[in-house]
Every structure is written in C-alpha cells, then in structure tokens.
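Structure first, then comments.
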Amino acid sequence: MFIATVVVSVLLALAVIGSAGGKLSRQPKVIEMLMGLGVPESWIPRLAGAELAGGLGLLIGLAVAPIGIAAAVGLACYFVGAVIAHVRANDNQIAAPIVLAAMAVAALVLRIASI
C-alpha cells in the first residue's frame, strides 16, 4: 500500500509544484485562464503558495504521516474550489482540476491506509 501512496503523492506533488511555477512565473496562458475565471490578480501568488505548500507537504508526508494527510486534505479542498470556479465561469476546461481533486483524495485515502 505504501508504494501506491508514494507514486500518487509524488505525481500529485510534481503536478502542483509545476502549476505553482506557472503562476509564479506569470506564464501568459496560466494568467489568462485565471483572469477568465474571475480570479483577482492579487490571489495568484497566494494560490501558488497553497500549491507549493501542498506539494511539499505531500513529499514530507511520506515520512511524517500527519503532514501528508493534512497536505492531501488541503489539496483536495483547493481543487474542489478550482472545480467550483470553473463551473461558475461556465468554463469547459474542467478535466484537469477534477483529475487533480481525485488524485488528492486518492493520496489522502492511501496515506491513511498506509499508516
């Protein structure tokens, strides 16, 4: 079970750290998408910080279970919020946040099961 936890946690951590990098480097495609969802520009660094914290928490959580559990809960909430933002903006590019929310839930379940 722990091997599955490592695989899911590392893949999700890479995804969210990469996403945070896109926000912090202000990649035009990322910024345009966020603006289209109605996200205030002042929130972008905070969103990136939440993703970085979640990704690092998942990695640290492989050694310290409570941190991994907290990170997975936080990321699940983050991506549920992202899904809601896409739905409210009538944006059909919703697959990525749904998949990432599902991965966060999977990371949570696997981390709890591997204690």
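We did not get these values from a lab; they are worked out from the coordinates using the rules stated. Just so it is clear, the structure is predicted and the values come from calculations on it, not from any experiment. Positions of Cβ are backbone-derived with ideal geometry, glycine not excepted, and every protein chain shown enters the neighbour counts.
Taken as entire DSSP H runs, the helices of the chain that both span 18 Å or more between Cα atoms along their own long axis and average 1.6 or more on the Kyte-Doolittle scale are 2-24, 65-88, 95-113.
For segment 2-113, the dipole from Cβ point charges (+1 on Lys and Arg, -1 on Asp and Glu) about the Cα centre works out to 80 debye, to the nearest 20.
For the Cα trace of the chain, dividing Rg by the Kirkwood Rh returns an Rg/Rh value of 0.99.
For 42, 9, the sequence from fewest to most other C-beta atoms within 10 Å is 42, 9.
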